[in-house]
Structures are given as structure tokens and as C-alpha cells.
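Every read-out reported here was derived from the displayed coordinates using simple, explicitly stated rules and does not represent laboratory data. Because the structure is a prediction, the values reported are computed rather than measured. Backbone-built Cβ (ideal geometry, glycine too); neighbour counts: all protein chains shown.
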Amino acid sequence: MKPAAFDYVRAESVAHAVDTLAGAGGDGKIIAGGQSLMPMMNFRLVKPSVLVDINAIAGLDRVERDDSRLRIGALVRHFMTARDPIIARHAPVVSEAMKHVAHLTVRNRGTFCGSVCHADPAAEMPMMTVLLDGRIHAVSSRGTRTIPVLDFFAGSLVTTLEPDELVAAIDLATIPEGMGYGFHEFARRHGDYALAAAAALMRREDGRVKDIRIAVMGVGEMPSRIAAAEDQLEGTELTDKAVGRAVAALRAAISPGSDLNASADYRRHLAGALAGRAIRDAWSRAKEAVPA
């Protein structure tokens with residue numbers, strides 16, 4: 001199929017882009033990589049009156065570190081995210097997750113911010129944004145606002161971003177020195193959409209788990225942290241029984257759906273198995289805190 005007719009504007013600046021969006025009366029779309037948008041337009045699931053191309057805007061293709069946060073610009077491609085030394089050092093779980101993202105063509109064009117804005121519940125970058133307390137920086141002709149990730153996702157493929165807003169960047173919390181991480185995903189073929197995935201972060205202190213974070217994707221309308229599983233491990237020694245309790249709590253907390261690829265029960269079982277592996281990897285990578 002072919003998309004419905006639309007106007008095309010190659011924005012020269014952020015101001016130019018948001019002014020064009022404002023003039024579209026809620027019927028414009030931003031394009032950076034277009035790996036999700038163009039198929040949706042071809043199937044006429046979306047029919048924007050104007051497409052605003054931001055690829056010529058300088059300064060949006062940077063990864064920067066500021067104190068305890070990483071700032072990822074709107075034009076940072078997946079392959080840049082995978083190879084960036086700042087991300088590899090300060091958020092290595094993102095680099096690990098990037099190994100599972102789509103295929104070469106998609107990684108060359110698709111963007112970190114675009115993936116988060118698309119809000120696919122089986123995509124890795126929305127999950128990383130949840131795991132690392134992301135903040136979405138939106139710009140419009142009305143000004144700027146920062147949206148905490150817990151206020152950003154509203155459902156499968158749905159966010160709280162306004163039609164006239166452009167996401168200029170997303171910032172993530174860095175992973176402190178010595179914090180362990182783990183990420184595991186299962187898909188039928190490498191690069192396909194995940195049936196489920198799980199990630200974990202933790203520190204070691206006096207031989208016990210501290211500051212545990214566990215997130216999952218592909219098992220609900222949105223990626224999510226699983227507080228019930230975290231509570232089972234926080235402050236405990238990491239034994240097989242403790243991991244088993246956390247996995248059981250995680251399985252009880254999620255409500256996956258069934259489709260042609262997997263049943264709800266299978267996804268629930270799979271999410272628990274992947275979480276157990278991620279937890280053990282995070283523990284093995286965590287370094288014992290040295291008393292001050």
C-alpha cells in the first residue's frame with residue numbers, strides 16, 4: 001500500500017519543527033528514522049497532513065553525560081547507542097539490550113528517542129527508559145516540559161506526548177560504579193520482537209542485595225518495574241530460594257496476553273525464567289561496596 005497524500009517539511013531548527021507542528025493543528029508527525037512511522041503510514045494506520053523531517057537539525061545527534069544523567073538526543077541512532085563509549089561505561093545495560101534490537105537496516109536508521117515515543121510494549125528502549133528512571137524532554141511552540149517516564153507511557157503504542165510536541169532528548173540515570181546489571185530476552189529469531197525480556201540492576205553491600213531494580217517487557221501494555229519481585233530481594237542474601245521467591249512474585253504481578261506467538265501462561269513462565277537469569281547476572285557483575 002501507499003500512504004495518503006501529505007506535505008513534507010525539512011526542518012532547519014527545533015523552532016522551525018515545532019512551529020510547523022503547531023500549524024498542522026494536531027495533524028503533523030515528526031520523522032527521524034521512520035522505521036515504525038513509515039509502515040504505519042503505508043498501511044494508512046496514521047495519515048498525517050504534514051511530515052516534519054528533523055534530520056537536518058544540528059546538535060540532536062549527541063550523547064552527553066551531566067553528573068548522574070545521560071542525555072540522548074533525538075537523532076541518536078540505534079547503532080550509535082550500541083557503540084557509544086559514554087553509554088557503554090555509564091549505562092552498560094543499555095549496550096547489552098541494544099544487541100537484541102531489530103536488524104542492521106533498522107539499527108542504522110531507527111533512533112533511541114523514536115523507539116521510546118513509539119511505545120511498543122515489546123521494544124527494548126522503552127524498557128531501558130523505565131529501568132533507568134528516564135525523563136522525556138518535549139518542546140513545542142508553547143515552551144518546554146520534562147515528562148517523567150512513569151507519566152509518559154499510557155498504553156500500548158500510546159504516550160502522553162501532545163500532538164504539537166517534539167521530543168528533543170531523553171535523559172537516563174547512570175549506573176553507579178560497582179552496580180551489577182543483567183538483561184535477557186527471548187525472540188523466535190534474532191532481531192524479531194521479543195516474546196518477553198527482563199533486566200535487573202543491583203549493588204552488593206555486606207553480602208546482601210541493595211538497590212535492586214527489576215523491569216520486564218513484552219508481558220503487558222507497557223514496560224514496567226516489578227516492585228513485588230524487588231521487595232523479595234532487597235536486603236537479602238542472593239540464594240536460589242531468594243531468586244525463586246522473586247521470580248514467583250514477578251509471575252504473580254504480570255498479566256500477559258495471548259496471541260499467535262505465545263500463550264499468556266507461556267509468557268508468564270518465560271518472563272520469570274529470564275528475570276532469574278538477569279538477577280543472577282547482575283549479582284555476578286556487582287562489586288562489594290568498600291566501606292568509606
Given +1 on the Cβ of Lys and Arg, -1 on the Cβ of Asp and Glu, and no further charges, what dipole in debye does the stretch 63-173 carry about its Cα centre, rounded to the nearest 20? 360
The alpha-carbon center of the stretch 179-195 and that of the stretch 40-90 are separated, in whole Å, by 21
Between the DSSP loop rule and a limit of at most 16 other Cβ atoms within 10 Å, which trypsin sites (Lys or Arg not before Pro) in the stretch 160-244 are left? 188, 189
Listed residue (80, 116, 68) projecting farthest to the positive dipole end of the stretch 63-173, Cβ model: 80
Rounded, prolate or oblate: which one fits the stretch 49-130, using the alpha carbon gyration tensor with axes a ≥ b ≥ c (rounded when a/c is under 1.5, else prolate when a/b beats b/c, else oblate)? oblate
Mind checking which of 86, 30, 212 has the largest fluctuation in a GNM of the chain, springs on alpha carbons under 10 Å? 86
Given labels modelled 7 Å from the Cα in the Cβ direction, how far is it in nm from residue 211 to residue 6? 4.2
Listed residues 254, 136, 214; largest mean-square fluctuation, Gaussian network over the chain with Cα springs below 10 Å, found at 254
Note down the relative contact order for the chain as a percent, whole number, built from C-alpha pairs under 8 angstrom at least six residues apart. 16
Where in the stretch 29-90 are there trypsin sites (Lys or Arg not before Pro) that are in a DSSP coil and have at most 11 other Cβ atoms within 10 angstrom of their Cβ? 44
DSSP-loop GluC sites (Glu not before Pro) across the stretch 141-229, with at most 11 other Cβ within 10 angstrom: 177
Straight-line reach from residue 210: which lysines have a Cα under 28 Å away, not including same-chain ones fewer than 8 places off? 99, 241, 287
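Given charges of +1 on the Cβ of Lys and Arg and -1 on the Cβ of Asp and Glu, with all other atoms neutral, how large is the dipole of the chain about its Cα centre, in debye to the nearest 20?
With Lys and Arg at +1 and Asp and Glu at -1, about 700 debye.
Could you work out [θ]222 nm for the chain from helices alone, using -39500 (n - 2.57) per DSSP H run of at least four and dividing by all its residues? Round to the nearest 500 deg cm²/dmol. All intermediate terms of the calculation are to be shown ahead of the outcome.
Details: 11 runs with 99 residues, N = 292.
So the calculated ellipticity at 222 nm is -9500 deg cm²/dmol.
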